[in-house]
Amino acid sequence: MTDVLEPLLAAPDFQKLREYEKPPPRFDVFQAANLHLGENRSSWILANLCSTRGAHGLGRRFLEGWLGEIERIHESDFPLAGLSWDHAEAGVEWVTSKNRRVDILIRLFDAEDQVVGVMGVENKHWALEQKDQVKHYQGYIAKSFEGIPCCVLFLTPSGRDPETKGDQPSCPWLAASWRTALRAMSAVESGAPDLVRAFIESVRRILIDEMEYHEMSETKKSLKPLVERLYRDPETRQAILLLEQLRPRATTLLEGVHSRLPWDSGSFDTRPKKASQFVVPPVEARWYPPDLEASVDGWSIYLAYGLLATKAWDSGRNVRVAALAWVDGESGREKLRSYQEKMTTDRPTAALWDPREDLEDWFWSSWAPLWIGEKHTLGALLDEDRDKLLAMVTDAHDRTHDWLKGNLRSLGWLKEES
């Protein structure tokens, strides 16, 4: 078998590949402060950068660059394209008539401080849309800024269209990927003051991680011809295929965690479903302790300890641990909020958020988070990763099980005691 690998190990191009090294990790202000950069914080940061008279010292450069990125995608469909403006102000949580909140509202002014353009931004990392959300924002902004060019930007990792869009010609919706904002940040980073540059660099890096953007760097692109030459040669190609066949898999990692849990994990499921059979890589894995089975108003409540990612587990992917709740018949953060608040009274110490912090950023689809723990960046998918994930789930259980059970008991929701 080793004879198959010898051509690859001896190939000059493979030696060049072995010399490639990733740049050393840089200091990250958010990781140092143990802060998560979710929707609320990223909205605040984006609004701050769009306020052209802000203390960041960037003036119009970031906003001009970002509007340019949006115009490049939507061309003449972008109502603010080619608009002449002097300065801009941006704020977060702009309240509408139905007490809903537009994540960011950007107003463009002329030299006489008259509003000449408006863009509302609905910032979605991974959360679901609320009923008629974008449609409502379109109508309210159009009514509030009648006769002024305006739009609602639906900002997501993928740039997908909103499901709740409306037909409002005077305030159309536009979809854009977070890549547009990240490119605008990158363009102004080198010319920013030192502290601002370090901040933007941290913001970009953590958002790239949050959005699961794994773009090929220029350094990696330069290695592509080497890999192509190795794959073109039948002998080295055979070795590459063998390595791919034998490399460690996330399915084995999940099986190792599942079989070693030291507490009664009850039922078990995954997303996608086939991952529970250890045949496809998991995106999420959840364990349901049987003594936390609950119900309220005739609805079953499912509490689970989960290992969560935004894409299939693999080397370099971040996996987060959390305690989650699902209430049958309820979906969306607004409906789940009251259940969440009742079950999270007197929260115990957690790895990631302060008990006073709102959990607005921490919704996984229709799962309400009750406790958020640390994350782990997967390495070689071997024993050290298995042991770390196992320790994370065990720690989550040890910290929160009695607390959750006590809250459920005091509410009268525990099935065994109802």
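The values are calculated or read from the model by the stated rules, or taken from the named source; none is laboratory data. Remember, predicted model here, so these are calculated numbers, not experimental data. Note that we place each Cβ from the backbone using ideal geometry, even for glycine, and neighbour counts take in every protein chain shown. When the accessible area is computed, the model is the full protein with side chains, heavy atoms only, and any ligands, DNA or RNA have been set aside. Shrake-Rupley method; radii C 1.70, N 1.55, O 1.52, S 1.80 Å.
Observations, loosely collected:
- So residue 78, is it open to solvent by less than 50 Å² (accessible area, probe 1.4 Å), without any contact (Cβ under 8 Å) to a residue 40 or more places away in the chain and not polar (S, T, N, Q): no
- In the range 278-299, residue modelled with the lowest pLDDT [restricted to those that are among the charged types (D, E, K, R) and part of a loop (DSSP other than H, G, I, E, B)]: 297
- Selection status of residue 206, at pLDDT below 85, of a type in the set (Val, Ile, Thr), open to solvent by less than 80 Å² (accessible area, probe 1.4 Å) and more than 26 Å from the chain's Cα centre (by Cα): no
- The range 384-414: number of residues that are assigned to a helix (DSSP H, G or I), over 19 Å from residue 263 (Cβ atoms) and at pLDDT below 95: 2
- Hits in the range 306-343 - residues which are assigned to a strand (DSSP E or B) and basic (Lys, Arg): 320
- Only a single item in (1) in contact with a strand residue (DSSP E or B) (Cβ under 8 Å, 6 or more places away or on another chain); (2) closer than 30 Å to residue 311 by Cα; (3) buried (at least 19 other Cβ atoms within 10 Å of the Cβ) is not met by residue 126, and it is number (3).
- Looking at 177, 190, just one residue is over 15 Å from the mean Cα position of the chain (by Cα), farther than 17 Å from residue 96 by Cα and not β-branched (Val, Ile, Thr), and that residue is 190.
- Residues located in the range 81-109, provided they are assigned to a loop (DSSP other than H, G, I, E, B), of a type outside the set (Gly, Ala, Ser) and either open to solvent by 60 Å² or more (accessible area, probe 1.4 Å) or farther than 17 Å from residue 141 by Cα (or both): 83, 85, 86, 98, 99
- Scanning the range 112-123 for residues that are more than 20 Å from residue 78 (Cβ to Cβ) and either acidic (Asp, Glu) or surrounded by 15 or more Cβ atoms within 10 Å (Cβ to Cβ) (or both) yields 112, 113.
- Test: residue in the range 148-155 that is open to solvent by 10 Å² or more (accessible area, probe 1.4 Å), touching a helix residue (DSSP H, G or I) at 6+ places or on another chain (Cβ under 6 Å) and in contact (Cβ under 8 Å) with a residue 24 or more places away in the chain: no
- Residues of the range 263-277 that are outside any loop (DSSP other than H, G, I, E, B), at negative phi and not charged (D, E, K, R): 267, 268, 270, 275, 276, 277.
- Residue selected from the range 293-325 under the condition over 24 Å from residue 388 (Cβ atoms) and in contact (Cβ under 8 Å) with a residue 60 or more places away in the chain, by the criterion nearest to the chain's Cα centre (by Cα): 301
- Unmet criterion (only one of (1) touching a Cys at 6+ places or on another chain (Cβ under 7 Å); (2) modelled with pLDDT under 95) for residue 63: (2)
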